[in-house]
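Structure, as structure tokens:
Each reported figure results from applying straightforward, stated rules to the coordinates on display, with no laboratory input. Because the structure is a prediction, the values reported are computed rather than measured. All Cβ positions, even for glycine, are placed from backbone atoms using ideal geometry, and neighbour counts span all protein chains on display.
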Amino acid sequence: MQSGIDGKRIAALIGDGFEETELAEPRRVLEEQGAIVTIVGVDDKAQLRIRSKRGMDDGQPLKAEEVVADCTAEDFDALLIPGGWSPDRIRSHREVQRFVKEFDAAKKPMFAIGHGAQVLISAQVARGRTMTGSPSISDDIRNAGGLFRDQPTVQDGHWITTRGLGDMILFNRAMLEKLSASATAVV
């Protein structure tokens, strides 16, 4: 039996310093359900190497399969933004902001982990939204007009946010449910 997620294309938007496990865990879960996860970087250099971290240590680098300037929300069914230092490094990139705004306008599922909410803030789509993230960015969320909740995962419309690694089981479950629901809503 095929899942409602089979064949869905998920853009994983990352830059240098992404938290390795915050990409690896959701990616594994999505791919086990038949989704296609595409690594989207911010520039041509990302196609050669994007550095990751595992806590305070270096992780395994990855290569971008696509560059954000060459992508649109129409190319994908959902957006995944892992945390780490990556969100702070990519958040001011004009093409990243455009890409996020397109997903939000199309009401396609958007998943942000930990510091990933910083990208939503800089894309100016956080105002009036209820979300969570790393506790260290709670003031950033509030200052952007969002409502911060210190909960494992928060769903607000087509958004699902989580605080970080400790909440990945709940986040992954919510992410799969959202993707399955969006698959049945389209049918």
Run through all the Cα pairs of the stretch 9-182 and give the fraction in each 10 Å bin from 0, expressed as whole percent.
11, 45, 38, 6
On the formula 1/(1 + (r/R0)^6), with r taken between the Cβ atoms of GLU65 and ASP88 and R0 of 25 Å, the FRET efficiency rounded to 0.05 is 0.65
Only bridges with both residues in the chain count here: give the DSSP antiparallel percent, nearest 5.
30
Nearby lysines by direct alpha-carbon distance to LYS8 (threshold 16 angstrom, same-chain neighbours under 8 apart not counted):
LYS107, LYS108, LYS178
If packing is taken as the average count of other Cβ atoms within 10 Å, what order do 116-123, 74-81, 9-16 fall into, highest mean first?
116-123, 9-16, 74-81
What net charge is computed for the residues neighbouring GLY34, neighbours being all others with C-beta under 10 Å from the C-beta of GLY34, Lys and Arg scored +1, Asp and Glu -1?
-2
What 222 nm value per residue comes from the helices of the chain, counting each DSSP H run with n ≥ 4 as -39,500 (n - 2.57) and dividing by all residues, nearest 500 deg cm²/dmol?
-9500 deg cm²/dmol
Give me the percent relative contact order of the stretch 103-183, please, defined on Cα pairs under 8 angstrom at least 6 residues apart.
31
Please report the relative contact order for the chain, taking Cα pairs under 8 Å with a sequence separation of at least 6, and give it as a percent rounded to a whole number.
20
